[in-house]
Amino acid sequence: MKQSVMLAIASGLSILFMTLHLADDIVRGFEKGELSNLLAVPIFVTWLYGTLVLAGRRSGYVIVLVASLFAAYVPVLHFRAAGGVAGGEIAKSSGAFFWVWILIALGVSAVFSAVLSAHGLWRLRRGRSGKAGASERARPQGAGTQ
């Protein structure tokens, strides 16, 4: 499977898991269901734009890398919270399995997206320097100095 397809799928899953997680946090009362939560919409749109429209470009890789690193930190924040997941209020609620599963799935897809986008950036950098080196070697001595 092409790396660009894998990155689009992994990043898309990360966006899906982030939106499910945010919605679950709001429903459970961990986040207040206020207008300020709608600030997530332009963030997710930018992430989706970088994933789909800017795929294969440096800017797309950078957007996906930054967003994926932030998304990968969300499970860490929740598992390090006071009491952790098992000792906190979430363990006593009815949808604890779904909430924890979303955190784990988010962590996996976000880290995988970050790795793939970093690899894409590395390939772009290596490809550019390799092309420049080949064109320099192909040019005869004194060419282009008129």
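Here Leu69 and Trp122 are evaluated by their C-beta separation; at R0 = 22 Å the FRET efficiency comes out at 0.90. Straightening the chain between Arg28 and Val115 buys 28.1 nm, computed as 0.36 nm per residue apart minus the Cα-Cα spacing. For an R0 of 35 angstrom, estimate the FRET efficiency from the Cβ-Cβ distance between Gln3 and Phe79 and round to the nearest 0.05. Computed FRET efficiency for Gln3 and Phe79 comes out at 0.75.
No value in this document is a laboratory result; all are computed from the given coordinates. Please read all numbers here as calculations on a predicted model, not as lab measurements. Using ideal geometry, Cβ is built from the backbone for each residue, glycine included, and neighbour counts are taken over all protein chains shown.
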